[in-house]
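Contents: one structure, followed by commentary.
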Amino acid sequence: MKEINAKVREIASKLLGNGDIDVFMAWEQGDYEYQRKPFFARSKDEVEKIIFDEYCIHNLSTSLLKFRDSQQKIGIVVKGCDSRGIIRLLEDNQFSRERLYIVGINCSGMKDPLIAMKSDSGFQKTFEEEGLAAKCSFCVYPNPVIADEVLGDEQTPRSKDEKYAKVKEFEEKSIQERYEYFESVLSTCIRCYACRQACVACNCRTCIFDETKPQWVGRETSLSDNMMYHLVRALHMAGRCIECGECQRVCPVDIPLMLINSKLAKDVDNFFGPYEAGIKYEEGSKPPLSSYQESDPDDFI
Ligand code: SF4
Ligand code: SF4
Ligand code: SF4
């Protein structure tokens, strides 16, 4: 990782020094030893702050939205999951490819800073061994799918069967059991919207959940309002979620959001595919549920 870190700084320094880019996006040290946060270097002098190590878990592509309305050219470091986020933004016309210089890193997996923080807090009775972060345990694309240059050794992806194991187990349950399960977990949602904020696919300028005139969705943390929030978000993610796992990682009440996202990805792949979101960029291409033809079957309407 040290070699990769040095190489990233070298690339950032060169790009900023040559004036090829205006900003270089990577990670920097946070307040705690195990905390990293997105960092935006704007000059060669700042590149020494850049860190790449096993705690750089955020999906950096989401931070590109801060620059959506500018003309600035951006250098960005991406792991496999982040690179799929870039394809999401390109397909959604939120960014143009010409504005980006993408430094890909073949990713061997990240640790979850939250687990380190809990162990460090003194409140946890037993020390939790820091392994691979949950989101990395089902990663099928650890190697960047789009990049101008790639660093590090190519990694072996996990199989799709591993990724869908929990979904398949869940599909065995009856409709009533599934409903009761979601009723129970979604009733704990505090509607903090952290899942939406961390999500690269949630890139609408005005979100339906923020609108008040008209107010499309109730804002109580009642079961029905919570269900409506998660149903709407699930439908907006179908065929668009790039399975980065960030929504579940940031959820303060541990709602298993990836169970929903993986089920959607699996069904879109089965019924409208073969298709996986954010693995290949072709100008003008759209996810299956974002386009239609007049000849599409509509008997169910
Ligand atoms: S999800 Fe994959 S690419 Fe992303 S941090 Fe984990 S192992 Fe790396
Ligand atoms: S819904 Fe979750 S897993 Fe899917 S793109 Fe958004 S943050 Fe990533
Ligand atoms: S992050 Fe968790 S608690 Fe917050 S809105 Fe999303 S699901 Fe609900």
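The values are calculated or read from the model by the stated rules, or taken from the named source; none is laboratory data. Keep in mind that what you see is a predicted model, and the values were worked out from it rather than measured. Cβ sites come from the backbone with ideal geometry, for glycine too, and all protein chains shown count toward neighbours.
Numbers below:
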quantity	calculated
Top-ranked residue of the stretch 215-257 - restricted to ones that are in a loop (DSSP other than H, G, I, E, B) and in contact with a Pro (Cβ under 7 Å, 6 or more places away or on another chain), ranked as surrounded by the fewest Cβ atoms within 10 Å (Cβ to Cβ)	G239
Qualifying residue in the stretch 74-93 (condition: within 16 Å of ligand 3 (Cβ to nearest atom) and either at pLDDT 95 or above or over 12 Å from the mean Cα position of the chain (by Cα) (or both))	no
All positions within the stretch 176-207 that are within 12 Å of ligand 3 (Cβ to nearest atom) and among the aliphatic types (A, V, I, L, M)	V185, L186, I190, A194, A198
Selection status of V268, assigned to a loop (DSSP other than H, G, I, E, B), more than 22 Å from S61 (Cα to Cα) and hydrophobic (A, V, I, L, M, F, W, C)	no
The stretch 142-154 residues that are assigned by TED's automatic domain parsing to the domain that holds I74, paired with ones that are among the aromatic types (F, W, Y) and not in a strand (DSSP E or B) (beta carbon under 6 Å, 6 or more apart)	I146/Y281
Top-ranked residue in the stretch 158-181 [being free of Cβ contacts under 8 Å to residues at least 24 places away in the same chain and of a type outside the set (D, E, K, R); ranked as nearest to ligand 2 (Cβ to nearest atom)]	A165
Any pair with Cβ under 8 angstrom, 6 or more apart, that starts in the stretch 273-288 at a residue that is within 14 Å of A147 (Cα to Cα) and ends at one that is modelled with pLDDT of 90 or more and among the basic types (K, R)	G278/R84; G278/R88; I279/R84; Y281/R97
Residues that are within 16 Å of ligand 2 (Cβ to nearest atom) and at positive phi, drawn from the stretch 250-295	D254, G278
The stretch 260-290, residues that are hydrophobic (A, V, I, L, M, F, W, C) and within 12 Å of ligand 3 (Cβ to nearest atom)	I260
Some residue of the stretch 94-111 being within 14 Å of the chain's Cα centre (by Cα), part of a strand (DSSP E or B) and in contact (Cβ under 8 Å) with a residue 12 or more places away in the chain	no
Among residues of the stretch 126-155, those that are modelled with pLDDT under 95, of a type in the set (A, V, I, L, M) and farther than 15 Å from I115 by Cα, counted	1
Long-range neighbours under 6 Å by Cβ, at least six apart or interchain, first residue under 13 Å from H236 (Cβ atoms) within the stretch 198-214, second among the aromatic types (F, W, Y) and surrounded by fewer than 18 Cβ atoms within 10 Å (Cβ to Cβ)	I208/W216
Some residue of the stretch 67-89 being buried (at least 23 other Cβ atoms within 10 Å of the Cβ), basic (K, R) and either without any contact (Cβ under 8 Å) to a residue 12 or more places away in the chain or not in a loop (DSSP other than H, G, I, E, B) (or both)	yes
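Residues are listed down the side, and each one gets a yes or a no for (1) outside the structural domain of E180 (by TED's automatic domain parsing); (2) under 26 Å from I146 (Cα atoms):
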| residue | (1), (2) |
| --- | --- |
| C207 | no, no |
| E211 | no, no |
| P214 | no, no |
| T221 | no, no |
| G239 | no, yes |
| G245 | no, yes |
| M258 | no, yes |
| D296 | yes, no |
